[in-house]
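Q: Okay, here's the structure, questions in a sec.
Only the coordinates and a few stated rules stand behind these numbers; no lab work does. Keep in mind that what you see is a predicted model, and the values were worked out from it rather than measured. Counting neighbours? That spans all protein chains shown, and the Cβs are built from the backbone with ideal geometry, glycine included.
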Amino acid sequence: MKLRLRFKKEGLARFISHLDLMRTFERAFRRAELPIAFSQGFNPRPKMTFASALSVGISSSSEYLDVEFSEDVSASDVALKLNPALPEGIKVTDVKMADEAISLSMLNGAKYVVRLALNEVDLEELKKSTKGLLEQKEIIIEKRTKSGKKLVNIAPFIYSLGLSNCDGSAADIVMSVAIGQQGSVAPTMVINELERILCKELEIVSIHREAIFYKSNGKEILPM
């Protein structure tokens, strides 16, 4: 059977790399004595599939993992047994049967909240630059690829962009952007473009991923 887990990655756990996160869950399944299934062959690996990797230093409240079990298990038992075996900052918040109609590899969008210290940046100026950036048809940046550097227009990959929770000394930039092999935008890229428009540096206090979704025909569909 295959289950889909939603989990948080917060606090100091946000500094765990994606590779170490995979190892962390593998060890946790073993400590919890849950019957995770393994691949066949010379070097068997646990049958786990994670959603899009989260960059080191970014926290999240909605990460996803599909895991296959060699025998039937109770979804409620998985969270109950697994959470005590996971390190502080990583917690499974929901477990359901995996939705085969929306695989984790299909997820192509993510919502981020970037907390900025305003410092010497004027709030109204930031609002105008945010609106202006979203309206641009072309935002050309240089990206590094395996074959070298290339110029990419990231404008089509910024789905939404706005301000929230402005308290005079700080503000949240809330953005939905593309992820995956078809095209992706890191939240820091968006902040860099805002700095270019403002001709000022922006101090990032924190970056948090609120959701990952599948965007199709203008609709954003959550994986569970």
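Q: Computed from these coordinates, which is percent of Cα pairs over 24 Å apart: [x] 40; [y] 50; [z] 47?
A: Computing percent of Cα pairs over 24 Å apart and matching it to [x] 40; [y] 50; [z] 47 gives [y].
Q: Let me ask you something else. Measure nothing but the geometry: give the 0 to 90° angle between the long axis through the Cα atoms of 187-198 and the longest principal axis through the Cα atoms of the chain, rounded to 10°.
A: It is inclined by approximately 0 degrees.
Q: Going through the stretch 1-47, which trypsin sites (Lys or Arg not before Pro) have at most 16 other Cβ atoms within 10 Å and a DSSP loop state? Numbers along the way, then the final one.
A: On the way: sites: K2, R4, R6, K8, K9, R14, R23, R27, R30, R31, K47; in loops: K47.
Answer in residue order: K47.
Q: Still on this structure: Using Cα atoms only, what is the angle between the long axis of helix 123-135 and the major principal axis of the chain, expressed in degrees (0 to 90) to the nearest 10?
A: 70 degrees
Q: Still on this structure, please answer the following. Going by alpha carbons, how many degrees (0 to 90, nearest 10) lie between the helix axis of 18-31 and the longest principal axis of the chain?
A: Between helix and principal axis, roughly 30 degrees.
Q: For the chain, what relative contact order do you get, as a whole percent, if you take Cα pairs closer than 8 Å and at least 6 residues apart?
A: Worked out over the chain, it gives 25 percent.
Q: A further question follows. If you keep only loop residues by DSSP, which chymotrypsin sites (Phe, Trp or Tyr not before Pro) in the stretch 24-90 have at most 15 other Cβ atoms within 10 Å of their Cβ?
A: Those satisfying the criteria are F42.
Q: So how much slack lies between K137 and S169, counting 0.36 nm per residue of separation and subtracting their Cα-Cα distance, in nm?
A: Between K137 and S169, full extension yields an extra 8.4 nm.
Q: How much length is gained if the chain between F69 and F15 is pulled fully straight, taking 0.36 nm per residue apart and subtracting their Cα-Cα distance, in nm to one decimal?
A: 16.6 nm
Q: Turning to a different aspect of this structure: In percent, how large is the relative contact order of the stretch 1-115, given Cα pairs closer than 8 Å and 6 or more residues apart? Numbers along the way, then the final one.
A: Numbers: 180 pairs, mean separation 50.3, N = 115.
It rounds to 44 percent for the stretch 1-115.
Q: Name the longest site-free stretch of the chain, where the excluded sites are GluC sites (Glu not before Pro) in a DSSP loop with no more than 15 other beta-carbon atoms within 10 Å.
A: Working: sites that count: E10, E33, E71, E88, E100, E120, E138, E201.
Segment 139-200 is the longest.
Q: E210 to A37: extension gain in nm, 0.36 nm per residue of separation minus the Cα-Cα distance?
A: 59.3 nm
Q: Using a Förster distance of 25 Å, how high is the FRET efficiency between Q181 and E201, based on the Cβ-Cβ distance and rounded to 0.05?
A: Efficiency, from the Cβ-Cβ distance: 0.20.
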